[in-house]
Amino acid sequence: MARKKAPEELSVEELRRLLVEKRRGARKERLEHYRRTGRVIALAPDLDVDSPPASPTIDTTESAVPAPEPLPVSPQRKFLDRFLLGVEVLAILGLVVVILNGVGLLQTLNDEVVSALNPVTAEPTPLVMAVVLPSGHTPPDAQGNTRPNEAEIPAHLQPMVQSLSNIPVPTAAPDQAVRIQIPSINVDAPVVQGDGWEQLKKGVGQYIGSSPPGRDGNLVLSAHNDVYGEIFRYLDRLVPGDQVIVYTQQRQYIYIVDRTVLVEPTAVEVMASTNAPTVTLISCYPYLVNDQRIVVFARLQN
């Protein structure tokens with residue numbers, strides 16, 4: 001007779017088999033007890049309790065796992081996706097427009113800064129607006145009072161003269177005249193832009209639109225002869241060869257007197273532009289009468 005093994009001498013497989021047999025015996029005893037007491041209800045054929053339970057198997061092949069079907073997309077979802085795509089496209093286009101606009105504004109700002117740092121010198125324009133020669137005024141009375149001589153202006157041109165008096169005076173550029181000297185008659189006076197009544201109170205006036213010193217064209221300068229300093233009182237003493245020195249902020253230009261003429265106040269052709277650099281000096285004449293104009297022409301010294 002085989003020796004009975006102690007539990008600690010049994011292998012794992014033997015212990016599992018003993019445990020299964022013990023549970024199977026206990027189950028048979030319970031079933032037998034239930035049959036004897038009438039507590040068993042036959043719902044299905046009796047299972048073979050002696051056969052070991054079948055181990056469940058798992059089919060791990062790809063065919064056993066069905067592929068997930070794509071979820072149907074609702075019309076609302078399609079509309080939302082398209083709407084969001086349109087918003088993104090519009091946002092990108094808006095960003096491009098903002099960038100381009102910013103570049104344009106930056107370029108405009110740069111151009112304005114360059115223009116401010118490098119002011120453009122006004123080019124002389126044709127002298128077609130003059131009605132009478134500048135510096136015209138009535139002879140001063142005993143108290144030295146005088147006023148513009150409107151009587152020398154043709155009646156049909158007086159409205160035009162009044163409109164021309166409102167032309168804004170430009171700011172002097174670096175290459176425009178700022179001073180004039182005529183050594184032979186002791187003239188040394190400032191030059192201002194414009195030859196209206198108020199400008200000629202301050203010194204010698206440059207006709208607006210006439211050529212800057214040293215350039216091709218006619219530089220037209222005028223001043224009074226018997227009021228406000230009598231700057232051009234002795235223009236009639238100039239002779240050919242005398243010097244007229246015109247200064248700018250940068251340099252001086254020497255003109256040589258060529259000739260002198262007497263004309264009527266309406267002889268505005270003496271202010272016409274020229275092909276060579278010239279200067280024209282204008283004042284009323286004779287002294288304290290002022291019913292004519294004395295005009296001195298000079299050309300730039302080579």
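Simple rule: put +1 on each Lys or Arg Cβ and -1 on each Asp or Glu Cβ in segment 174-300, find the dipole, and look at W197, V296, V187; the Cα lying farthest toward the positive end is V187.
Please work out whether segment 174-300 counts as rounded, prolate or oblate from its C-alpha gyration tensor, where a ≥ b ≥ c are the square roots of the eigenvalues and a/c under 1.5 means rounded, while otherwise a/b larger than b/c means prolate and anything else oblate? Please report the intermediate quantities before stating the final value.
Details: a/c = 1.34, a/b = 1.24, b/c = 1.08.
Note, shape of segment 174-300 comes out rounded.
Each residue of segment 184-193 was assigned a 3J(HN,Hα) from its phi angle through the Karplus expression (A = 6.51, B = -1.76, C = 1.60, θ = phi - 60°), giving 5, 10, 6, 9, 8, 9, x, 10, 10, 7 Hz with x at Gly and Pro. What is the sum of charges, Lys and Arg at +1 and Asp and Glu at -1, for the other residues whose Cβ falls under 10 Å from the Cβ of G205? Within the 10 Å Cβ shell, the charges total 0. With neighbour counts taken as other beta-carbon atoms within 10 Å, the residues F297, F232 rank, fewest first, as F297, F232.
Taking amide H as placed 1.01 Å from N in the peptide plane, the amide H of R179 sits under 5 Å from that of V191, Y247, each at least 5 places away or on another chain.
Rule-based calculations on the coordinates, nothing more; no lab input. None of these values were measured; they are calculated from a predicted model. Note: ideal-geometry Cβ built from the backbone for every residue, glycine included; neighbour counts use all protein chains shown.
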